[in-house]
Every structure is written in C-alpha cells, then in structure tokens.
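Peer 1: Structure incoming, see below.
The values are calculated or read from the model by the stated rules, or taken from the named source; none is laboratory data. If you're wondering where the values come from, they're calculated on a predicted model, not measured in any experiment. Note that we place each Cβ from the backbone using ideal geometry, even for glycine, and neighbour counts take in every protein chain shown. These area figures cover heavy atoms from the full protein model, side chains too; ligands, DNA and RNA do not enter into them. Shrake-Rupley method; radii C 1.70, N 1.55, O 1.52, S 1.80 Å.
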Amino acid sequence: MLVDSHCHLDHLDLAEYQSNLSDLLQAARKRGVGRFLSVGVNLESSKKLIALANEYDDVNVSVGVHPLQETRPPIPEISELIELGSHKSVVAIGETGLDNYYDRESSEWQQESFIRHLKAAGELKKPVIIHTREAKNETLSIMRNHANTNSSGVLHCFTETLEMAEAALDLNFYISFSGIITFRNASALREVVKQVPLERMLVETDAPWLAPVPHRGKQNEPQYVVEVAKAVAEIKGITFEEVSEVTTANFEQLFLAGLKV
Ligand SMILES: [Zn+2]
Ligand SMILES: [Zn+2]
C-alpha cells in the first residue's frame, strides 16, 4: 500500500469522473493507494476538508493557510487554528511556510502566519506541514525557534538543498518528495533523494498541481503517487515495494500514531 501524503482534494477538476470524487479515489485505490492526506490552503478550504474527512475512512485532512494567496486574508489567529485543528479527523496543521520564489513582497505576512501555525501545532501536539521555497535560512530559523520537535512535521514538495534537508532531519522532521523528482531538469534534486534516508521520507502528489512524468501537462491526481514512489525506488536502487512499505510506515508514525491513544 502507498499513501499520498499531500494532495488537495477540494481543488481537483472532477470532469473526467462525472464530478464524483469517490470515483477518482477509487482509481487510486485500484493502483494500491490506500490513504490520502488532503491539505488545507485557507480557512474555508480547511472547513470543507473537515466535512470531507467524515465521508471517507481513508481520507485524513489538515487545516491551515497557505503562504501564497491571491488576495491576502487576515493572518489567521492561533485560536482559530487550534479550534479547527482540534477536530478528530484533522491529523496536521498546514500547509504553512515561506515562499520567496513566487512572492517576496508578503514575507512579513508569511512569517507571522508561519509562526502562528507552529504555535497552534505545538499546542495541539499535531505535526505541521511546511511549504518552503527559496527561504532556507528564514524557514529553518523559525522552525528552530517555534516548532515542537516532538510532534514535528514535514517539509513537503521538497525542492531545496541537501544541507537544508539535513537541518530539517536534525529537527526531527520528515522530507516529502513530489513528482518534481521525475522532471528532466531535476538531477540535483534526485541527488538529494539519494541521500535522504528512506526511514525519514514521505511521497506525495500535491495534486492537482505538478503531475509527474509521463503525465506532465495534465491534471495531477493522487493515483500518480505511484509514479513518484517508482522514481524514488529507481533513484535509490531499491524496490518499489520497499518504498511503499517504508513511506507508509513513516506516514503512520508521523500523522496517525497520536490518534491511536
Ligand atoms: Zn505547498
Ligand atoms: Zn500543497
């Protein structure tokens, strides 16, 4: 079994599935994808996802406000995040983080929002899902100052350097790779995949964005996490089964272990 550790089920175009999310999930299940973590990008989306999680046993959700926003909403209050994050179907806080690649202008908003998400996650003792792009030092310094390293979390859709990955691993965080590792120009990132221990790795699609090879240019779907796991196996010179087994165990350890008590 495989897990898509990061997708946005409320942002998919379901035309190919006659507007039926269950059919899209079923297509993924048929290929061995047995669990989905659907990640919130703003407060409305987070509320929608909490309702969605009630419909499907194999869908977990997170709540948070993405660092990139078309129009900047007010920075979420820690209390709002804690209230939404307390729902039992919510396994994580995020996605949050810093993105200087697409938006350098809003860095103050992003930093304050990131800190509030980390504080809420720390209070709830739930892991945090971090988006980071071209903001290595700022991201790490905020993590060092504000992250709860017991409940930790993940740097998702990782595209940064090995040095950054190692710093996050030192803080007890996991590293998640997406379809970007299949892109022709991503050889530096494939080197990072080689070095990050499988025991600390997750796989994801970030669907509907970033479809892996050979589906580039199409809408990404959770079932394509199979292609991501295959790429990890090839890069590391191990079997697809081993990648599936270990990354699934990692997912359960990070996101589900706390729920069993
Ligand atoms: Zn992201
Ligand atoms: Zn995302």
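Peer 1: Of the residues that make up the stretch 76-92, is at least one touching a Lys or Arg at 6+ places or on another chain (Cβ under 9 Å), under 16 Å from A207 (Cα atoms) and either within 16 Å of ligand 2 (Cβ to nearest atom) or at pLDDT 95 or above (or both)?
Peer 2: No: zero hits.
Peer 1: Quick one: D4 ticks every box in (1) within 15 Å of ligand 2 (Cβ to nearest atom); (2) in contact with a Ser or Thr (Cβ under 6 Å, 6 or more places away or on another chain); (3) part of a helix (DSSP H, G or I) except a single one, so which number is it?
Peer 2: Of everything listed in (1) within 15 Å of ligand 2 (Cβ to nearest atom); (2) in contact with a Ser or Thr (Cβ under 6 Å, 6 or more places away or on another chain); (3) part of a helix (DSSP H, G or I), D4 misses just condition (3).
Peer 1: Ok, one more. What's the number of the condition A15 fails, among (1) within 16 Å of ligand 2 (Cβ to nearest atom); (2) loosely packed, with under 14 Cβ neighbours inside 10 Å; (3) among the aliphatic types (A, V, I, L, M)?
Peer 2: Among (1) within 16 Å of ligand 2 (Cβ to nearest atom); (2) loosely packed, with under 14 Cβ neighbours inside 10 Å; (3) among the aliphatic types (A, V, I, L, M), the lone unmet condition for A15 is (1).
Peer 1: Another question, then. Is at least one residue of the stretch 231-247 under 25 Å from H66 (Cα atoms), buried (at least 18 other Cβ atoms within 10 Å of the Cβ) and touching a residue at least 12 places away in the same chain (Cβ under 8 Å)?
Peer 2: Keep residues of the stretch 231-247 that are under 25 Å from H66 (Cα atoms), which gives 247.
Still in the running and buried (at least 18 other Cβ atoms within 10 Å of the Cβ): 247.
Within this subset, residues satisfying the condition of being touching a residue at least 12 places away in the same chain (Cβ under 8 Å) are 247.
Yes, that holds for at least one residue.
Peer 1: While we're on this one: Give me the pairs: first residue in the stretch 104-125 and under 15 Å from I78 (Cβ atoms), second residue in a helix (DSSP H, G or I) and small (G, A, S), beta-carbon distance under 7 Å, and six or more apart or on different chains, which are they?
Peer 2: Note: pairs meeting the criteria are A120/G85; L124/G85; K125/G258.
Peer 1: Follow-up question, since we're still on this one. Look at V192 and say whether it is more than 16 Å from ligand 1 (Cβ to nearest atom), farther than 24 Å from H66 by Cβ and buried (at least 16 other Cβ atoms within 10 Å of the Cβ).
Peer 2: Working: more than 16 Å from ligand 1 (Cβ to nearest atom): yes; farther than 24 Å from H66 by Cβ: no; buried (at least 16 other Cβ atoms within 10 Å of the Cβ): yes.
Answer is no for this residue.
Peer 1: Just a yes or no: is a residue in the stretch 176-188 out of contact with any Ser or Thr (no Cβ under 7 Å at 6 or more places or on another chain), surrounded by 17 or more Cβ atoms within 10 Å (Cβ to Cβ) and touching a residue at least 60 places away in the same chain (Cβ under 8 Å)?
Peer 2: no
Peer 1: Moving to a separate point now. In the set V63, V41, which member is within 16 Å of ligand 2 (Cβ to nearest atom) and in contact with an Asp or Glu (Cβ under 8 Å, 6 or more places away or on another chain)? Full working, then the answer.
Peer 2: Values: V63 fails: in contact with an Asp or Glu (Cβ under 8 Å, 6 or more places away or on another chain).
Selected residue: V41, the only one of V63, V41 that is within 16 Å of ligand 2 (Cβ to nearest atom) and in contact with an Asp or Glu (Cβ under 8 Å, 6 or more places away or on another chain).
Peer 1: Name the strands (runs of 3 or more DSSP E) wholly inside the stretch 34-138 in which the number of residues that are of a type outside the set (A, V, I, L, M) is 3 or more. Show your work before the answer.
Peer 2: Working: elements: 59-63, 90-99, 128-133.
In the stretch 34-138, 90-99, 128-133 are the strands (runs of 3 or more DSSP E) which contain 3 or more residues that are of a type outside the set (A, V, I, L, M).
Peer 1: So, in the stretch 139-153, exactly how many residues are assigned to a helix (DSSP H, G or I) and either crowded, with 17+ Cβ neighbours inside 10 Å or touching a residue at least 60 places away in the same chain (Cβ under 8 Å) (or both)?
Peer 2: The initial filter retains those residues of the stretch 139-153 that are assigned to a helix (DSSP H, G or I), namely 139-146.
So of that shortlist, the ones also either crowded, with 17+ Cβ neighbours inside 10 Å or touching a residue at least 60 places away in the same chain (Cβ under 8 Å) (or both) come out as 139-140, 142-143.
Summing the residues that are assigned to a helix (DSSP H, G or I) and either crowded, with 17+ Cβ neighbours inside 10 Å or touching a residue at least 60 places away in the same chain (Cβ under 8 Å) (or both) in the stretch 139-153 gives 4.
Peer 1: Let me ask you something else. Say we look at the stretch 153-189 and pick out the residues that are within 16 Å of ligand 2 (Cβ to nearest atom) and polar (S, T, N, Q); which of these is farthest from V243 (Cα to Cα)?
Peer 2: Filtering the stretch 153-189 for residues that are within 16 Å of ligand 2 (Cβ to nearest atom) and polar (S, T, N, Q), the one farthest from V243 (Cα to Cα) comes out as T159.
Peer 1: Can you find a residue in the stretch 172-181 that is among the β-branched types (V, I, T) and away from ligand 1 (no atom under 16 Å from the Cβ)?
Peer 2: First, the residues of the stretch 172-181 that are among the β-branched types (V, I, T): 175, 180-181.
If we keep only those that are away from ligand 1 (no atom under 16 Å from the Cβ) as well, we get none.
Looking for residues that are among the β-branched types (V, I, T) and away from ligand 1 (no atom under 16 Å from the Cβ), one finds none in the stretch 172-181, hence no.
Peer 1: Is there any pair linking a residue in the stretch 207-218 that is under 15 Å from V41 (Cβ atoms) to one that is within 12 Å of ligand 1 (Cβ to nearest atom) and among the small types (G, A, S), with Cβ under 8 Å and at least six apart or on different chains, and which?
Peer 2: Partner pairs satisfying both residue conditions: L210/S178.
Peer 1: Scan the stretch 198-218 for residues that are open to solvent by less than 60 Å² (accessible area, probe 1.4 Å), part of a loop (DSSP other than H, G, I, E, B) and either over 18 Å from E95 (Cβ atoms) or in contact with a Cys (Cβ under 6 Å, 6 or more places away or on another chain) (or both) and report the count.
Peer 2: 6
Peer 1: Quick one: how many residues across the stretch 70-108 are open to solvent by 20 Å² or more (accessible area, probe 1.4 Å), within 16 Å of ligand 1 (Cβ to nearest atom) and within 16 Å of T132 (Cβ to Cβ)?
Peer 2: 3
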